[in-house]
Structure formats: structure tokens, C-alpha cells
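One structure below.
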Amino acid sequence: MRFRWSAVLLAMAVALPAIVQAQEFPTRPINIVAPFPPGGQADLMARPTAAAMEKILKSPVVVVNKTGAAGAVGMAFVATSKPDGYTLLMALSSISIIPEADKLFDRKPAYTMDQLVPIALISADPTILVCRSDRPWKSVKELVDDAKKRPEGISYSSSGIYGTLHMAMEMLIHSAGIKLKHVPYGGAAPALTALLGGHVDCMASGPAVVLPHIKAGKLRPLAGWGDKRIAVLPDLPTLKELGYDAEFYIWAGLFAPRGTPEPIMTKLRDTVRAAVQEPDFQTALDKMETPIAYLDAPEFQKFWDKDAKMLAEAIKRVGRIEEKK
């Protein structure tokens, strides 16, 4: 009996500090790292999420843009940060792409996926294909037919080699049997700037980023990568409808470094669950015309596992691509 009480007391001694820590958490600002430049999808999702969390926690939640290497710099920074709940990551689908791309080149991975644990899925939008409105193509068929006549004569921008926008376009290129000229940039925002500036012809993008420019008549949407049409663009066909085997989503989810104490993870999960119900948060996503696709950690983990497997297969199919210096 004496031994059993000792074990109980020891367990309480170990658990109590973590419980007290979670009750007091946070005692200083929380940083949400967006691994891409301001104006891109990760940044657009991080800011209303941070504002809603800050309101609930009554403590500062700051968005920090840590860019570079198609998102790998920011993701690796969080993956190797102290697991105390104060450094979080707003990641896109590319979180699963980068480690697989590293394998292709026999590189030491910037991070591994098991270094990060999911808190919640926030949104999941299919990418859409857009071109400049002054380009001649009014449909995917017209673009594909032109590309077959002029291999690499049509250019597209992306957020970086093996980034989400690159992978979406590669899926279309593979399915259509065409060759396009890839012009990678250091994020979705500069890739969009290049398109708007006439430096490239088209790109894949999350709807929220390009919708204002579609409405302004600067960009023309040709198709979506989803399994069904996008509500805000009901006349836009899906690539599957058009006969192309290409499906891809840009999702945004919040992660923490593995090893973050469970009581703090629970508090973060509860906070995000409440944050997505905040009227200001919902208004912000409505303005971006991005539907909320909230999933709590267990369901998000299943979603992530399935998505990561699909991307790994796509990367292996695409193969090794050398970056031009």
C-alpha cells in the first residue's frame, strides 16, 4: 500500500506542474509563423486566426512571416522550436511536400512531419487555374491545344519548386500531356504579382488570393482542381469534369512542435475551436470568400495522413527537377 501511494504521489507531482502551466498559459505573446510572404494564403489565414485567438486568450497572438525555400525555412523553424505552445505554424499542403522533395535529392530534410502535431484544420480550398485576361485562352482546352503546338511556349508562376502551386500545375501538365514553362517565385504573393505584371501567362492559386483580380477583370478563371465546383464560381468547371485526372486542395492548418505538453495542446485546440466561431473571424473568411473547413486535431490528423500520401505519390511521379540557377 505504501508503494502504491508513492506512485500516486509521484504521478501527481509530475502532472500538477503541467496542469498549472496550462492554466496560466499564455503568459507572453504567442507567435504564429506564416512560412510565406504577406498576402499569400498562409498569411491570409493566419491573421484572422491570430486575431480571434487573441480575443479569446486575452493575450497577444502575433503573425510572423518567416519565408524562404518554398516554405521550408518557416516550417523547420517551428518544427525545431521549443515545444511550449508559444511558437505555432500556419501551414499549407506544402508541409507534406517538402520532406518528400528532399528525399528525391538525397538531402537531409529541413524537418520531418513527425516533428509537428496538428492543432486544427482551418480551411481547405481547391486551387483554380487563372490566366491573364489579355491572353487568348477562354477554356482549358484552348490552353492545352496551344501548349501542344508550342511546348514550353506558355509560362506559369508558382510559389516555388515543389510548392503547392507547382504541384497543382504539374498534376494538370501530367494529365494533359503538355509542357509549360515553370517560373518559380518565393511565395504565392510574388507569383501573383508576376502574373498581374505580365511576366507569366497563368498560375494555379487558392481562390481567396485571385478572386479580387477576377472580379476586377484582370484575370480569367479556366477551371478548378476540386471534386466539385466552387460555390463562389458556380460556372467554373472542374478539371475532372473536363476529363483531366487532377485534384488538389490548398488547405491551411495550425500546428505545434511535437512534445508540446498535452494540457497546453488541449487549451490551444479549445481556443481554435472557439476562434472559428467568432463573428469577426467568420466575416474575415467571408470577405476572402473562403469557406471554413474546421477539423479538430484527431480528424485533422486523418485528413493530413491521406493528403500526404496522395502528394507523396504525385511527387514520385513528377520526379527530380533541378532548379535552374
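The values are calculated or read from the model by the stated rules, or taken from the named source; none is laboratory data. All of these numbers come straight from a predicted model, not from anything done at the bench. In this analysis, Cβ positions are derived from the backbone assuming ideal geometry, glycine residues included, and neighbour counts consider all displayed protein chains. The accessibility values were calculated without ligands, DNA or RNA, using every heavy atom of the protein model including side chains. Shrake-Rupley method; radii C 1.70, N 1.55, O 1.52, S 1.80 Å.
Looking at the range 109-125, can you tell me whether even one residue there is among the β-branched types (Val, Ile, Thr) and under 28 Å from Leu195 (Cβ atoms)? Full working, then the answer.
We begin by selecting, within the range 109-125, every residue among the β-branched types (Val, Ile, Thr); these are 112, 117, 119, 122.
Then keep just the ones that are under 28 Å from Leu195 (Cβ atoms); that gives 122.
Looking through the range 109-125, at least one residue is among the β-branched types (Val, Ile, Thr) and under 28 Å from Leu195 (Cβ atoms).
Check off (1) open to solvent by 10 Å² or more (accessible area, probe 1.4 Å); (2) in contact with a Phe, Trp or Tyr (Cβ under 8 Å, 6 or more places away or on another chain); (3) at pLDDT 95 or above for Ala274 and give me the number that stays unchecked.
Condition not satisfied by Ala274: (2).
With the structure loaded, tell me whether Ala312 is of a type in the set (Gly, Ala, Ser), within 27 Å of Pro83 (Cβ to Cβ), surrounded by fewer than 17 Cβ atoms within 10 Å (Cβ to Cβ) and modelled with pLDDT under 95 or whether it fails that test. Working first, answer last.
Numbers: of a type in the set (Gly, Ala, Ser): yes; within 27 Å of Pro83 (Cβ to Cβ): yes; surrounded by fewer than 17 Cβ atoms within 10 Å (Cβ to Cβ): yes; modelled with pLDDT under 95: yes.
Yes.
Looking for whichever is on the phi > 0 side of the Ramachandran plot and either crowded, with 19+ Cβ neighbours inside 10 Å or of a type outside the set (Val, Ile, Thr) (or both) here; the options are Glu289, Glu262. Which one fits?
Details: Glu262 fails: on the phi > 0 side of the Ramachandran plot.
None of the other options fit; the residue is Glu289.
State which residue is nearest to Thr127 (Cα to Cα) when the search covers only the range 12-34 and only residues that are modelled with pLDDT of 95 or more and open to solvent by less than 60 Å² (accessible area, probe 1.4 Å). Let's see the steps before the verdict.
So the first thing to find is which residues in the range 12-34 are modelled with pLDDT of 95 or more, and the list is 25-34.
Retained after the next criterion (residues that are open to solvent by less than 60 Å² (accessible area, probe 1.4 Å)): 25-26, 30-34.
Values: Phe25: 37, Pro26: 36, Ile30: 30, Asn31: 28, Ile32: 24, Val33: 22, Ala34: 19 Å.
Per the stated criteria, the residue is Ala34.
Go through the range 35-64 and give me each residue that's at pLDDT below 95 and not aliphatic (A, V, I, L, M).
Pro35, Phe36, Pro37, Pro38, Gly39, Gly40, Gln41, Asp43 - these are the residues of the range 35-64 that are at pLDDT below 95 and not aliphatic (A, V, I, L, M).
What are the pairs with Cβ atoms under 8 angstrom where one residue, in the range 58-71, is of a type in the set (D, E, K, R) and the other, located anywhere, is open to solvent by 60 Å² or more (accessible area, probe 1.4 Å) and outside any strand (DSSP E or B)? Sequence gap at least six, or different chains.
Once the first residue is of a type in the set (D, E, K, R) and sits in the range 58-71, its partners that are open to solvent by 60 Å² or more (accessible area, probe 1.4 Å) and outside any strand (DSSP E or B) give Lys66/Val73; Lys66/Phe77.
From (1) touching a residue at least 60 places away in the same chain (Cβ under 8 Å); (2) farther than 13 Å from Phe248 by Cβ; (3) of a type in the set (S, T, N, Q), pick out the condition that doesn't hold for Ser157.
The number of the failed condition is (1).
Is at least one residue of the range 175-186 under 24 Å from the mean Cα position of the chain (by Cα), surrounded by fewer than 21 Cβ atoms within 10 Å (Cβ to Cβ), among the charged types (D, E, K, R) and modelled with pLDDT under 95?
no
Return the residue satisfying two criteria in turn: it lies in the range 187-213 and is assigned to a loop (DSSP other than H, G, I, E, B) and in contact with a strand residue (DSSP E or B) (Cβ under 6 Å, 6 or more places away or on another chain), and of such residues it is most open to solvent (accessible area, probe 1.4 Å). Outline the logic, then answer.
Within the range 187-213, the first condition is being assigned to a loop (DSSP other than H, G, I, E, B), and the residues that meet it are 187, 197-201, 206.
This time we only want the ones that are in contact with a strand residue (DSSP E or B) (Cβ under 6 Å, 6 or more places away or on another chain), so: 200-201, 206.
On the way: Val200: 1, Asp201: 23, Gly206: 3 Å².
Per the stated criteria, the residue is Asp201.
Kindly check whether there is at least one residue in the range 102-111 that is over 24 Å from Thr27 (Cα atoms), buried (at least 23 other Cβ atoms within 10 Å of the Cβ) and in contact (Cβ under 8 Å) with a residue 24 or more places away in the chain.
Going residue by residue through the range 102-111, those that are over 24 Å from Thr27 (Cα atoms) are 102-111.
Then drop every residue that is not buried (at least 23 other Cβ atoms within 10 Å of the Cβ), which leaves none.
No - not one qualifying residue is present in the range 102-111.
Counting only residues that are among the charged types (D, E, K, R) and farther than 23 Å from Arg317 by Cα, which one in the range 76-125 is nearest to the chain's Cα centre (by Cα)?
Step one: filter the range 76-125 for residues among the charged types (D, E, K, R), giving 82, 84, 100, 102-103, 106-108, 114, 125.
Still in the running and farther than 23 Å from Arg317 by Cα: 82, 84, 114, 125.
Values: Lys82: 22, Asp84: 23, Asp114: 17, Asp125: 10 Å.
The residue in question is Asp125.
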